[in-house]
Each structure stands twice: as C-alpha cells, then as structure tokens.
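All remarks here apply to the structure that follows.
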Amino acid sequence: MDQQLLDRILKCERLPSFPAIAARVIEMCGDDNVSIRELGEVLSHDTAISTKILRTINSSFYGLRHRVTTVERATGMLGINAVKMLALGFSLVPQLKGLGGEDFDPTIIWKRSLFAAVGAHTIAREIKFEHYEEAFIAGLLQDLGVIVLLQTLRTDFVKIIEQTTNAHGKLRSLEQQELDLDHAQVGQALAKLWMLPPVLITAICHHEDPEEAVPEFQQLVRSVTLGAKAADCFLSPQDQQAGRVKSYLRHASQWFDLNQEQAGAYLESIEEGTKELGKMFEIESSAQQSATDLMVMANQTLSDLSVKAVQEAARLEEENKKLNAQANYDPLTSTLNRGGLDDLLKQEFEAAGHTGNPLSVIFFDADKFKPINDNHGHHVGDRVLQLIAASMNENVSPGGRVGRYGGDEFTMVLPGVDGAQATAIAEKVRQRVERVIIEHDGDEKLSITVSVGLSSYNGTDLPGCQADQLIIAADKAMYAAKAAGGNRVYRLPPIDQPKQKAG
C-alpha cells in the first residue's frame, strides 16, 4: 500500500470538515448508557435531521402502525440504536454527496450505495442479526473511499473508473494496479480518522472481502456485500444482469442459507425500500430492471441447472475448501503451518484491538534438537516434533490454535488469554514434554525438553502495539529461556517494558 499517497489524500484541503452533529452522534454511539432524552436534545438542535428521521420512521420502510411525532417517541418504539444510526446517516451523507462531482457524476455511486444499504438492512433484519441497524449505514458508506478518491485525485481516478466498463467488481484490482492503494483502504483510513464505530470501520474495510472480517462482525459485512450484489442486479447493464442475479442467489444461499424464493422476496423488499429512502436521502433510485423482471430472469437462467449439477458444484466447492485448509497445515504434525499462523494471528490481533480482550502468543523450541537428528536419525526427530505438538494440543485453551512456526519451533495463539493464564498453559506443556520418554532402537530411551517464551497483548493497554511486536517478544523470550539453560518459561511484553520472568 502506498502510505504516502494515502497520507496525502487524507490531508487534502478539498475534503470537507467533519460535521459537528455527526461527531456528537458518534460519541453517543460509543456510549451504551446514553438516554433517550439526551439523544433527543442533541438532535433537536438540528431541525433538518430531526425532520428527516421522523419522515423515515413514519415511512413504509419501517411500517409502523401509528404515526410518530417526536424523536423521543421514535426511539422508544424502534430502539435508541436505530435512531442513532439514522442520525449518523443524515448528518454525514449530505456532506459527502457534494464531493467528487466536478469531474465525474457520482450519482451512480450513491444510487448503488443506497440499494446496497437497504439490501444490507433488509437481509440483516430478516435473519435477526443483532447489528441490523448498523447494516444500513455500513451499506450507505461502504464506497466512502470511492467518493474520497474522486474528490482528491479527480481526473486520474475518473480514468480508473472508466476502465471498469460499469463492472464495479473490477474497480478494486484496477485501483491496486494503478495506485498501489484501493478505495476500501482509503475508506477505512478516513472512517478511523472520523472515529466511526468499529462495526462501520470493519464493514467499509472488508465490504469487498467479507471473509477477511473479524468473526464478531463477519455476518454484518456479509449482509453489506450481499446488499451490494443485490444493487448490482438492479443497476448493471442488461447484458450483465443474468450473471449478477446468479451471484446474488449463490451468495444468499452460501452465507445465509436462503433459497431462491426467499432471496427473490428480498429483492422486492429492497426495491420498495430504496424508492422510499431515496426520497429521504435525496438520492435518485431508479433501476434498470424491476425485482419481478429480475426473478423471471433468474428462473430462466437457472432452469437448466439439474439437481446433479448443483450437487456437483457444492462438492467442488467443498473440495476447494479442503485444499485451501490443507495448504495452511503442516503435514508432519497436523498443526497450522507458518502461513496459517500468520493469517490467524493477524485476524486475532485485529479482533483483540476491537474488543480489548487479551491475546497471548507462546513460542516453544525443542532443546538440543540438532543432536537428536544427528545422533538418532530424522525419523526420531520427527517423532519428537509430533510429541511436542501433541503435548501442546492437549493443553491449548478453548479457542486457541497450535502451529509449527518452522523447524523445531512451535507456536500457540491464544485469544482471550492473558499473560498469567498463558504462563500457566506454557508451564503445563513444558512439564508434559519433560515427562515424555521416547523408546527407539530396542531398549534405548530418549527424553526431551523445551524452552518456552511468551508475550501478551491487550488492545486497551497497548494501543500502539503491532502483531509483529508480539511475535518478536515471544521469540526473544524463548531464546532468553534457552540461553538460561533451557527447559523453562520466560515472558516478555510486546513493547519495551520491564521484563518479567516465570519459571
């Protein structure tokens, strides 16, 4: 990623200042104890936003039986989170809609975002997902980075958009190719700068690759991505629509176990909801095809698929998943390999940063392993590695994973486990390995030991910490244990703090 370009974009004078009302709403989003009265007082200072919120809540999109006349009453009926998210949307979108229009008409971007937002909200609400109100704003802001790039890079970025030939899915790869930066990264950076809620930052960052989102928010990000696929059904040129419908139906089934009839019904709801909310957000909401026409197209496209063909596709997908899983495993010890560990640590580190929960990493290294290989043969060395891995698997915490980092080094990644707990786990493994007796060449017996190093991270205590610092600290602690004679556990912090020793 071109960090210098990203910094230049974020400092561009053409970007608008952040709305004060939006800042106050975001502050309230992070306060679980904010009262209905406090929210009502804040919004009462902006008549335009209050009016739009009430018009939206009284629209057919929410389908309330009785008309609501005050924000406080709306909050009581729909919940404070719904009103906070609407307030955030109505304070941000008008400010953003004026961007990027000098060299390119951003109408299609906002139209797609609106369809995607209604789609995300509809799907998340129907599957009874906890964060369904956030899904709407996440869908609306998913292409924040596109708007920012249009505003800051202007004609240079317009040329990239023109290369997509109305296929939004091509945009990200073209951005990376031309800029070494993409709109998801730009949107995430600006969302962090604006201190948007973590759930919205995650959705903006991963709306193109929801499987990379942290588990806590993955279903919401999937709903945003599926909402965008629904938007592409409505807005793509006619020669592309059949493929867009197939993609929407396939992911609706894969991610949310929705059959074709259910997914088709959601398209109808999305169409109606987008028309209604387009008026509120003053975003044009016409479509290339109606939901009814899209479903006729889907039936025609899918009618030639036999049950056998569908089963074959599922079988191939399952085989691909298995092959991908195997690529991340060490065949000797049946634990994660280096690549699998790196991916896991990145995911868990990001999750710990969002939640503030602890994360610990433990390194294990077999003591005097080279002489074992040299004197007894690699078959005995392999047996040693398998027994160390087995001892780790016996004692790993729930949710923790074991992997072979390389050679005779092994790693435990322990989400939700603090330093003291990790030290206890490390000590159990050390003692378990110490008790192992390997019999070989008849009556000859061999004992083994391990040197152990660990480090722990807490997102709230060490906000500047990076994942590689955690790895480096655990590795240094392991080498310190080995230098002290081996067969012991050492613990170091991931940054330059007073060192602690255990064992």
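The values are calculated or read from the model by the stated rules, or taken from the named source; none is laboratory data. As the structure is a prediction and not an experimental result, all values here were calculated from the model. For neighbour counting, all protein chains shown are included, and Cβ atoms are generated from backbone atoms with ideal geometry for every residue, glycine included.
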Pairs where the first residue, in segment 164-182, is assigned by TED's automatic domain parsing to the domain that holds VAL148 and without any contact (Cβ under 8 Å) to a residue 12 or more places away in the chain and the second is in a helix (DSSP H, G or I) and among the polar types (S, T, N, Q), C-beta under 8 Å, 6+ apart: LYS170/GLN163
When residues of segment 437-457 are limited to those that are surrounded by fewer than 19 Cβ atoms within 10 Å (Cβ to Cβ) and part of a strand (DSSP E or B), the one modelled with the lowest pLDDT: HIS440
Which condition does VAL402 not pass, out of (1) closer than 20 Å to ALA477 by Cβ; (2) out of contact with any Ser or Thr (no Cβ under 6 Å at 6 or more places or on another chain); (3) in contact (Cβ under 8 Å) with a residue 12 or more places away in the chain, if it passes all the others? (2)
Can you confirm whether segment 32-55 contains a residue that is farther than 24 Å from VAL118 by Cβ, among the small types (Gly, Ala, Ser) and surrounded by 14 or more Cβ atoms within 10 Å (Cβ to Cβ)? yes
Please verify whether segment 116-125 includes one or more residues that are farther than 18 Å from GLN95 by Cα and surrounded by fewer than 19 Cβ atoms within 10 Å (Cβ to Cβ). yes
Within the group THR152, THR165, which residue is of a type in the set (Val, Ile, Thr) and surrounded by 16 or more Cβ atoms within 10 Å (Cβ to Cβ)? THR152
Test set (1) surrounded by 22 or more Cβ atoms within 10 Å (Cβ to Cβ); (2) under 25 Å from ASN81 (Cβ atoms); (3) of a type in the set (Phe, Trp, Tyr) - PHE157 fails condition number: (2)
Have a look at ILE161, ILE147, ILE137 and point out the one that is aliphatic (A, V, I, L, M), within 14 Å of PHE281 (Cα to Cα) and either in a helix (DSSP H, G or I) or touching a Gly at 6+ places or on another chain (Cβ under 8 Å) (or both). ILE137
Taking ILE137, is it within 15 Å of the chain's Cα centre (by Cα) and of a type in the set (A, V, I, L, M)? no
Scan segment 58-73 and tell me whether some residue there is within 21 Å of ALA124 (Cβ to Cβ) and among the aliphatic types (A, V, I, L, M). yes
Is segment 382-396 home to any residue that is free of Cβ contacts under 8 Å to residues at least 40 places away in the same chain, of a type in the set (D, E, K, R) and within 22 Å of GLU212 (Cα to Cα)? no
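Listed here are the residues, each with its yes/no results for (1) assigned by TED's automatic domain parsing to the domain that holds TYR266; (2) more than 27 Å from PHE256 (Cα to Cα); (3) modelled with pLDDT of 90 or more; (4) touching a His at 6+ places or on another chain (Cβ under 7 Å).
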residue	(1), (2), (3), (4)
ILE160	yes, yes, no, no
ALA191	yes, yes, no, no
PRO197	yes, no, no, no
HIS206	yes, no, yes, no
GLU211	yes, no, yes, no
PRO215	yes, no, no, no
THR225	yes, no, yes, yes
LYS229	yes, no, yes, yes
Report the residue count in segment 244-263 for those that are surrounded by fewer than 18 Cβ atoms within 10 Å (Cβ to Cβ) and either part of a loop (DSSP other than H, G, I, E, B) or of a type in the set (A, V, I, L, M) (or both). 2
Among the residues of segment 131-165, write down those that are under 26 Å from GLY89 (Cβ atoms) and of a type in the set (Ser, Thr, Tyr). TYR132, THR152
Given the residues VAL402, VAL433, VAL417, VAL396, which is the only one that is more than 30 Å from the chain's Cα centre (by Cα) and not basic (Lys, Arg)? VAL433
Would you tally the residues in segment 342-393 being more than 19 Å from ALA473 (Cβ to Cβ), at pLDDT 90 or above and among the hydroxyl-bearing types (Ser, Thr, Tyr)? 1
So THR152, is it in a helix (DSSP H, G or I) and over 17 Å from the mean Cα position of the chain (by Cα): yes
Could you check segment 176-206 and list, in sequence order, the residues that are outside any helix (DSSP H, G or I) and surrounded by fewer than 19 Cβ atoms within 10 Å (Cβ to Cβ)? ASP180, TRP194, MET195
